[in-house]
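Here is the structure we will look at, set down as structure tokens.
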Amino acid sequence: MKSILAKLPASFEAALQELEGIVQTLEGGGAPLEESLKAYERGMALRNYCQKTLGEAEQKISILENGALRDFAGATPDTSETPAEGEAG
């Protein structure tokens, strides 16, 4: 039996795009049963591929950060209080 991931995606983004297409096809419900089953199998293989790829990326980030993941510095909003328009400050 040929592996469902015999043709590896070119990238994470390509796998995600293909997976989104499979989801749309399956949600549409118009495909024959056998085709739907093959699409589902391919989708699960792509899902596993994406999870593995994300896990590897997370490991690399963790190593780069010496094992301590930190919040992104630019993600914190400015909390300094400024008077609202029309208010005395």
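Quick notes on this structure:
- The slack in the chain from Glu20 to Lys52, taken as 0.36 nm per residue of separation less the alpha-carbon distance, amounts to 9.8 nm.
- Rg(Cα) / (2.2 N^0.38 Å) computed for segment 12-66, rounded to two decimals: 1.46
None of the figures in this text is laboratory data; all of them are computed from the coordinates on show. Not measured: the values here are computed from a predicted model.
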